[in-house]
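Colleague: Below is the structure I would like to discuss, written out as structure tokens.
The values are calculated or read from the model by the stated rules, or taken from the named source; none is laboratory data. What you see is a predicted model; the values in this text were computed from it and never measured. Positions of Cβ are generated from backbone atoms using ideal geometry, with glycine treated the same way; all protein chains shown enter the neighbour counts. Note: areas computed on protein heavy atoms with side chains; ligands, DNA, RNA excluded. Shrake-Rupley method; radii C 1.70, N 1.55, O 1.52, S 1.80 Å.
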Amino acid sequence: MSEHIVHNVIIIGSGPAGLTAALYTGRANLKPLVFEGMQPGGQLTITTEVENYPGFEHGIMGPELMDVMRKQAQRFGADCQFKFVDKVDFSSSPFKLHVEGKEYLAKSVIIATGASAKLLGLPSESEYMGFGVSACATCDGFFFKDQRIIVIGGGDTAMEEANYLTKFGKEVMIVHRREEFRASKIMLERAMKNPKIKLVTDTVLEEVIGVTEGSKKKVTHAKLKNVKTGEVTDQEVEGIFLGIGHKPNTDIFKGQIELEDTGYIKTSKVNTNTNIPGVFACGDAQDHVYRQAITAAGSGCMAAIDAERYLESIEEHS
Ligand code: NDP
């Protein structure tokens, strides 16, 4: 089934980038249609307090920030739908987007699909995912009250998750594969000062070990290997959290627009243009350097202005 309407702009994604693009294209009277995707509000809906978004002196909870961003965009006419785009066709204009069995047409598209947490790829990791293994401390930390927790990773995500998890767990061990940490100094120091956190370096998770009790599985140990000495230990633990970074959500754009080898969308250095005129990209789907809510929002604003100018230019020539 296909719609006959050709939308001015369709925005794919609803994190800070997508919703800022919706706000700006809404205020430009372009009546944006927003497909919010699998995780409406994006990654900030699975964080707790956001302390570094300008304008909130005392911080704001991630889900609340996204909620007000959506309402602000809707106030200017953005049509936000909780739907998932499963296929795109950018080979000719109007562009085609397949959404849950229906085809939508658009003169311009803003991609703001963000990124998702990376996994290690161990079979036992997927076996125990949701049964002691998690990639989201704010979603699942509550289930590990007074229990032992391991966080894998050495970046800011790992530090942040570990700090947060000390609110619940009795002890939190950060397991990092190298000696040097990628995390910013302030986040690393915060973790080092926390009496509930222990940092273990040069160590990798080899296997998640658990038991099945009736229909329920639970984690009991983490098989850890010191990469320098080769020593393997079975660490008693109930919760294992992955904090090893993110992967851009760009699979549906493969073969449609140019992507980096890492999957991030290639955009112009001076604006949000992709290699297809009329298709713009913003936020974490195209940014592997900054990956902040405020930079995502900023690039969402840029994409909206770029789309507006593009639409004006095609109207002039039609
Ligand atoms: P990073 O890429 O910065 O760090 C990922 C960490 O996971 C690295 O230490 C990396 O190890 C480790 N890692 C990756 N793959 C594996 C693997 N297969 N096995 C074991 N370890 C692995 O990602 P983050 O998500 O931590 O941070 C991304 C960006 O977001 C950064 O710019 C960060 O500053 C920002 N951020 C900011 C926050 C804040 O300000 N509140 C909170 C969270 C993130 P290695 O170092 O060896 O590569």
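So that you can scan it fast, the table gives a plain yes or no per residue for (1) open to solvent by 40 Å² or more (accessible area, probe 1.4 Å); (2) at pLDDT 95 or above:
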position	(1), (2)
PHE90	no, yes
HIS98	yes, yes
LYS102	yes, yes
LYS107	yes, yes
THR113	no, yes
ALA137	no, no
THR166	no, yes
LYS170	yes, yes
PRO195	yes, yes
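Colleague: Identify, please: which residue in segment 233-282 is of a type in the set (Val, Ile, Thr) and open to solvent by 70 Å² or more (accessible area, probe 1.4 Å) and is, among those, farthest from the chain's Cα centre (by Cα)?
Modeller: Among them, the one singled out is VAL270.
Colleague: What number of residues within segment 145-159 are within 12 Å of the ligand (Cβ to nearest atom), of a type in the set (A, V, I, L, M) and in contact with a helix residue (DSSP H, G or I) (Cβ under 6 Å, 6 or more places away or on another chain)?
Modeller: 2
Colleague: Would you mind stating whether ASP202 is away from the ligand (no atom under 16 Å from the Cβ) and either open to solvent by less than 20 Å² (accessible area, probe 1.4 Å) or out of contact with any Phe, Trp or Tyr (no Cβ under 7 Å at 6 or more places or on another chain) (or both)?
Modeller: no
Colleague: Moving on. Restricting attention to segment 285-308, does a residue exist that is in contact with a Cys (Cβ under 8 Å, 6 or more places away or on another chain) and open to solvent by 40 Å² or more (accessible area, probe 1.4 Å)?
Modeller: There is at least one residue in segment 285-308 that is in contact with a Cys (Cβ under 8 Å, 6 or more places away or on another chain) and open to solvent by 40 Å² or more (accessible area, probe 1.4 Å).
Colleague: Could I ask something else about it? Spot the failing condition for MET192; the list is (1) under 27 Å from THR212 (Cβ atoms); (2) away from the ligand (no atom under 12 Å from the Cβ); (3) without any contact (Cβ under 8 Å) to a residue 40 or more places away in the chain, and only one is missed.
Modeller: Single failed check for MET192: (1).
Colleague: Please work out if ASP86 is open to solvent by 60 Å² or more (accessible area, probe 1.4 Å) and part of a strand (DSSP E or B).
Modeller: yes
Colleague: Continuing with the same structure: Quick one: which of PHE131, PHE142 is more than 29 Å from ALA21 (Cα to Cα), touching a strand residue (DSSP E or B) at 6+ places or on another chain (Cβ under 6 Å) and surrounded by fewer than 18 Cβ atoms within 10 Å (Cβ to Cβ)?
Modeller: Numbers: PHE142 fails: touching a strand residue (DSSP E or B) at 6+ places or on another chain (Cβ under 6 Å).
The match here is PHE131.
Colleague: Sort out which residues of segment 237-291 are among the polar types (S, T, N, Q), within 16 Å of the ligand (Cβ to nearest atom) and farther than 21 Å from VAL85 by Cα, and write them in order of number.
Modeller: Passing the criteria: only THR262.
Colleague: Among residues belonging to segment 63-78 that are assigned to a helix (DSSP H, G or I) and buried (at least 20 other Cβ atoms within 10 Å of the Cβ), point out the one that is farthest from the ligand (Cβ to nearest atom).
Modeller: Top of the filtered list is ALA73.
Colleague: Let me ask something additional. Consider only pairs whose beta carbons are under 7 Å apart and that are at least six residues apart or on different chains; among these, list those whose first residue lies in segment 170-183 and is of a type in the set (S, T, N, Q) and whose second residue is open to solvent by 20 Å² or more (accessible area, probe 1.4 Å).
Modeller: none
Every residue, every condition in (1) of a type in the set (Gly, Ala, Ser); (2) within 16 Å of the ligand (Cβ to nearest atom); (3) under 21 Å from the mean Cα position of the chain (by Cα), yes or no:
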position	(1), (2), (3)
CYS80	no, no, yes
PHE90	no, no, no
LYS96	no, no, no
LEU105	no, no, no
GLY121	yes, yes, yes
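Colleague: Okay, moving on. Taking segment 257-289, which residues are touching a Pro at 6+ places or on another chain (Cβ under 8 Å) and touching a residue at least 60 places away in the same chain (Cβ under 8 Å)?
Modeller: Of everything in segment 257-289, those that are touching a Pro at 6+ places or on another chain (Cβ under 8 Å) and touching a residue at least 60 places away in the same chain (Cβ under 8 Å) turn out to be ILE265, GLY283, ASP284, ALA285, GLN286.
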